[in-house]
Structure formats: C-alpha cells, structure tokens
Amino acid sequence: MKVAIVGATGLVGTMFLKVLEERDLKITNLYLFASKRSVGKKIKFREKEYSVEELTENSFDREIDIALFSAGGEISKKYAPLASEKGILVIDNSSAWRMKEKVPLIVPEVNREFAFENKGIIANPNCSTIQCMLPLKVLHEKYGLKRVIYNTYQAVSGTGQKGIEDLQNGLKGMEAKTYPHQIVNNCLPHIDSFLDNGYTKEEMKMINETRKILNISNLPITATCVRVPVLNSHSISITAELEKDFNIEDIRTEFSNFQGIKVVDNPKENLYPLASDATGQDKVLVGRIRKDFSADKSINFWVVADNIRKGAATNAIQIAEIFMK
Ligand code: A2P
C-alpha cells in the first residue's frame with residue numbers, strides 16, 4: 001500500500017504515523033507533506049527516515065493509493081479533489097467535505113458499509129461526534145432514538161498544538177493567545193465560531209454529523225460544547241430519549257458487547273470513564289449509565305475517548321483498513 005499523509009507534522013499527522021506503526025499494515029511507499037516551513041524535516045517511521053515535502057499541486061503526480069489529510073479545511077478543499085482526480089482515495093479529517101452529499105462520513109463500527117459509496121473522498125467525522133456514535137448506534141438499533149442532548153467537556157489538544165500551548169503557558173501565568181479567554185481555571189462555552197442561531201459551529205457539526213452518520217435526518221438533537229483545561233481526551237455527557245422502554249442492565253450489556261466500546265461503570269468503587277484513562281487507547285469508554293428519571297424512556301451516560309486517536313487518527317486509519325484488506 002502506498003500512503004501519503006498531508007499535514008504530517010501536525011498533532012493528528014504525527015498520530016497517523018504512530019497508529020500506522022502500531023497496526024499491522026503493509027506500507028511499501030510513504031510520502032509526507034506539510035507546509036513550506038517543514039520542508040526537509042526528517043521523520044522516522046518503522047526504522048526508516050522520511051523527508052517532509054512541501055504540499056503542492058504536483059504532489060499527487062505519483063503512485064499513491066490512499067492519502068490521509070489533516071492540514072485544515074482550506075487545504076482539504078483545494079487539494080483533496082486534486083488527489084482524488086488522480087485516483088487516490090482521500091480520507092479527510094477536516095470539516096470541509098463532511099456534509100457534502102456524495103461524501104460518506106464514516107465511523108467504521110457504525111456505518112462502514114457506506115464507505116464503498118465514495119467518489120474519491122471519505123470524511124472523518126468531528127472528534128466529539130465520533131465517540132458518541134458508538135453508544136448511540138447501540139441505542140438506536142435496539143430502542144430507537146427520539147431525542148439526543150450533548151454536553152461536551154473538550155480537551156485543548158482538539159485545537160492542535162496551539163491549544164496545548166495556551167494551557168501550558170497559562171499554567172505559568174502567561175496570557176492566552178489562541179482562546180479568547182484564559183483556559184486555566186475556566187470552562188469556555190465556545191468552540192469554533194458563533195452562528196446566527198446562537199449555537200457554535202462545533203455544536204452544529206455534532207448535530208448535523210450525528211444525523212448523517214446514524215441516517216436519521218430529522219432526529220431532534222441539541223448540543224452545548226465546552227472547552228475545559230484538560231490536555232487530552234474529550235468527555236461527553238449524553239442524554240438520549242428512546243422510543244421503546246428499556247432495562248438498564250440490558251443496555252450495559254449491549255454497550256459492552258459492541259466493538260470499540262469499553263464499559264467502565266462501577267461508581268461504588270469510584271470507577272467511571274476518565275480522560276486520563278482514555279488517553280493513549282482506542283476504546284470509547286462509557287459509564288455513569290443510568291435511567292434519566294426526569295423524562296419517560298430516557299437514559300444518561302458519560303462517554304470519554306482520546307480525541308486525537310479514536311476521534312481523529314485511529315478512526316481515519318480504520319476507514320483506510322476497510323480498503324486495505
Ligand atoms: P507545518 O508543520 O509545516 O505548519 P496542527 O493541527 O497540529 O496545527 O497541524 C497542522 C498541519 O497542517 C501541520 O502538519 C502543518 O504543517 C500543516 N499545514 C498547515 N498549513 C499548510 C499548508 N499551507 N500546506 C501544507 N500543510 C500545511
């Protein structure tokens with residue numbers, strides 16, 4: 001398999017390489033692209049050193065099977081079509097293509113069958129959306145989703161290296177450069193820009209992408225997305241109203257049996273999903289599973305996952321694996 005990585009020097013790009021190294025995939029050629037700034041930088045992959053090249057319009061004039069993109073929306077808008085026109089399958093981590101009609105939006109455990117309907121570009125969903133899809137798929141299949149409420153507690157690594165720097169510098173008393181306010185000692189109810197409807201773009205991404213992935217175009221969903229002073233892994237509180245009545249123990253078992261989910265739910269022993277436990281693994285941790293007694297047929301639970309791994313790099317590579325096997 002001949003693989004290209006666009007944005008190879010970034011947080012997600014670096015994780016693409018780490019996850020590719022961990023998994024047993026045969027890679028015969030590897031091409032690493034980033035901006036002019038990184039030209040000549042050396043990156044080691046499986047004992048071999050590769051030089052980073054500048055991404056240009058000619059970058060895809062060679063034999064490449066799959067290109068993993070994570071260099072921001074503008075780069076994806078311009079270069080993903082150039083790559084796919086040359087017969088390269090693009091798996092794009094930006095939001096540029098996610099809601100386009102002919103672009104599958106894939107979480108392999110949930111809707112892998114739609115990946116084959118691609119026209120050369122497959123989108124990787126938003127990091128917060130990905131981790132919620134696994135438990136929501138379980139609930140929808142068995143009980144039917146009626147309404148979903150998301151409240152997120154999102155780590156600074158979701159903003160890339162500059163988000164991490166704001167937290168680390170803030171801890172030393174320096175001012176925020178990336179976030180509009182100090183992230184240390186604060187929860188910022190503001191991720192991406194605000195829209196005229198009062199929601200943020202991040203909130204609307206979660207709403208629209210959930211509907212697309214679960215294939216329920218009119219599902220009522222609301223979301224409040226919050227950036228918290230946590231280095232890595234997003235924590236999300238989900239309330240789901242269901243069509244059918246349920247037994248909470250059955251749901252706990254069904255979550256446990258679903259590929260990609262690990263139930264961590266023993267409050268008496270202080271066991272519940274934590275960002276520090278999710279970091280470095282690919283499982284989506286689910287806990288605090290309980291009946292919501294404020295509404296009929298409603299359930300509350302807490303979902304935590306590594307936003308750079310399952311929320312970005314691992315999910316994209318799992319999509320690639322659909323075509324590699
Ligand atoms: P570079 O390191 O050369 O700036 P992150 O999300 O962690 O900030 O990473 C963004 C990634 O996107 C980096 O690999 C960065 O490369 C890459 N990138 C940014 N701008 C461009 C560009 N104009 N062309 C190609 N790659 C880019």
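The values are calculated or read from the model by the stated rules, or taken from the named source; none is laboratory data. Quick caveat, the model's predicted, so the values are computed rather than measured. No Cβ is skipped: glycine too gets one built from the backbone with ideal geometry, and neighbour counts run over all protein chains shown. Note: accessible area is taken over every heavy atom of the protein model, side chains too, but ligands, DNA and RNA are not part of it. Shrake-Rupley method; radii C 1.70, N 1.55, O 1.52, S 1.80 Å.
In the chain, a dipole from Cβ-located charges (positive for Lys and Arg, negative for Asp and Glu) runs towards its positive end, and of 111, 28, 156 it is 28 whose Cα lies farthest in that direction. What is the chain's relative contact order, in percent, from Cα pairs under 8 angstrom and six or more apart in sequence? It comes to 18 percent, rounded to a whole number.
Once the convex hull of the alpha carbons of the range 168-209 is built, what does its volume come to per residue, in cubic angstrom? The partial results should precede the final answer.
On the way: hull volume 3.4 nm³, N = 42.
Dividing the Cα hull volume of the range 168-209 by its residues yields 80 Å³.
To one decimal place, what orientation-averaged projected area in nm² is obtained for the convex hull of the Cα set of the chain?
For the chain, the mean projected area of the Cα convex hull comes to 17.6 nm².
Calculated mean residue ellipticity, 222 nm, the chain: -9000 deg cm²/dmol, from DSSP H runs (n ≥ 4) at -39500 (n - 2.57) each, averaged per residue and rounded to 500.
Taking the DSSP beta bridges with both ends in the chain, the antiparallel portion is around 50 percent.
Each other residue within a Cβ distance under 14 Å of residue 64 adds +1 if Lys or Arg and -1 if Asp or Glu, for a net charge of -2.
Rounded to the nearest 0.05, the FRET efficiency derived from the C-beta distance between residue 247 and residue 185 at R0 = 41 Å is 0.50. For the chain, the membrane-span-like helix rule (DSSP H, alpha carbon extent of at least 24 Å along the helix axis, mean Kyte-Doolittle at least -0.5) picks out 127-143; this says nothing about an actual membrane. Counting only protein heavy atoms and a 1.4 Å probe, the range 128-307 has 48 square angstrom of accessible area per residue. In a Gaussian network model over the chain where Cα atoms closer than 10 Å are linked, find which of 112, 290, 46 has the largest mean-square fluctuation. Of 112, 290, 46, the Gaussian network model singles out 46 as fluctuating most.
Listed by chain and number, the aspartates and glutamates placed with their C-alpha closer than 19 angstrom to that of residue 262 are 109, 141, 249, 250, 254, 277, 282, 306; residues fewer than eight positions away on the same chain are left out. Cα centroids of the range 39-86 and the range 89-152: 24 Å apart. About the centre of its Cα atoms, the chain shows a dipole size close to 320 debye [charges on the beta carbon of Lys, Arg (+1) and Asp, Glu (-1) only; nearest 20 debye]. Largest mean-square fluctuation among 206, 174, 133, in a Gaussian network model of the chain whose springs join Cα atoms under 10 Å apart, belongs to 174.
What percentage of all Cα-Cα pairs in the range 128-307 are separated by more than 31 Å? Walk me through the numbers on the way to the answer.
Numbers: 2770 of 16110 pairs.
Every Cα pair in the range 128-307 considered, those over 31 Å come to 17 percent.
When the Gaussian network model of the chain links Cα atoms closer than 10 Å, the mean-square fluctuations of 269, 101, 249 top out at 269.
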